Amino acid sequence: MSSAIQPETGTAQWHSLVTEAEAGMGIHLDEDLESYLVFLLMRFSTRPEIADRILALDYLQGMQASGQVQQEQMRDVGDICLLHAGFFPKRAEKRLVKISYYVQLGRSAYHHLANQSVTALARLFGHLAQEFVVIMDTLQAIQQINPQQAMGLSPIQAMELWQDTGSQQARKTLSKYTDASIIMTKKGGPAH
């Protein structure tokens, strides 16, 4: 049976959405990051309980664990923070935190894994920490593919996220709300 007429698998569907979002943003994640993102989306797509997690507590418990348990807990914290920041930014508002809270916590979890691991995964986790904002932007761009279901950033969230992280997707969102030219000053705040 030719692949052109086979139904798309979950992996193929997520990969298609990721590449479409990348194209829409004008970026390209390297193969490792793209694959990690696709499998992260598959892994968590049927786990609604992640919304109820207290990530700071999970992070602290992960720091106190050791070995494989620590790696799994810290990876989950990084992954769930990435999903909250990218797919579910409204949850930050409901929890009275900035989206950049999830960015900082997720980066920290991945960074910890990169420093603690002696395997080939150390490089991957370091790369995830470094490119967290670009991956988050990709997830936010996926949301924009279907505007009827999009739970995008509010103007305030977009401004804060852009100021705090330099998110290009947040900057793009800001441009939808204003004709003003917003530029980043040397101190990190906006200038008009």
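The values are calculated or read from the model by the stated rules, or taken from the named source; none is laboratory data. Since the model is a prediction, treat every value here as computed from it, not as a measurement. Reconstructed Cβ throughout: ideal geometry from the backbone, glycine too, with neighbour counts over all protein chains shown.
Below, the figures for the structure above:
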{"read-out": "Extreme residue, modelled with the highest pLDDT, among residues of segment 44-66 that are outside any helix (DSSP H, G or I) and either closer than 21 Å to Arg107 by Cβ or β-branched (Val, Ile, Thr) (or both)", "value": "Ala65"}
{"read-out": "Among the residues listed as Val69, Val77, the single one being of a type in the set (A, V, I, L, M) and either in contact with a Ser or Thr (Cβ under 7 Å, 6 or more places away or on another chain) or surrounded by 13 or more Cβ atoms within 10 Å (Cβ to Cβ) (or both)", "value": "Val77"}
{"read-out": "Test for Arg123: is it among the basic types (Lys, Arg), within 13 Å of the chain's Cα centre (by Cα) and in a helix (DSSP H, G or I)", "value": "no"}
{"read-out": "Odd one out for Glu131 among (1) of a type in the set (D, E, K, R); (2) within 19 Å of Arg53 (Cβ to Cβ); (3) at pLDDT 90 or above", "value": "(2)"}
{"read-out": "Lone qualifier among Leu29, Leu41, Leu37, Leu33 - being outside any helix (DSSP H, G or I), under 28 Å from Lys172 (Cβ atoms) and either under 15 Å from the mean Cα position of the chain (by Cα) or at pLDDT below 90 (or both)", "value": "Leu29"}
{"read-out": "Residue among Glu20, Glu93, Glu49, Glu31 that alone is within 20 Å of His127 (Cα to Cα) and either out of contact with any Asp or Glu (no Cβ under 7 Å at 6 or more places or on another chain) or among the small types (Gly, Ala, Ser) (or both)", "value": "Glu31"}
{"read-out": "Number of the condition not met by Ala109 [criteria: (1) surrounded by 13 or more Cβ atoms within 10 Å (Cβ to Cβ); (2) under 30 Å from Ser175 (Cβ atoms); (3) hydrophobic (A, V, I, L, M, F, W, C)]", "value": "(2)"}
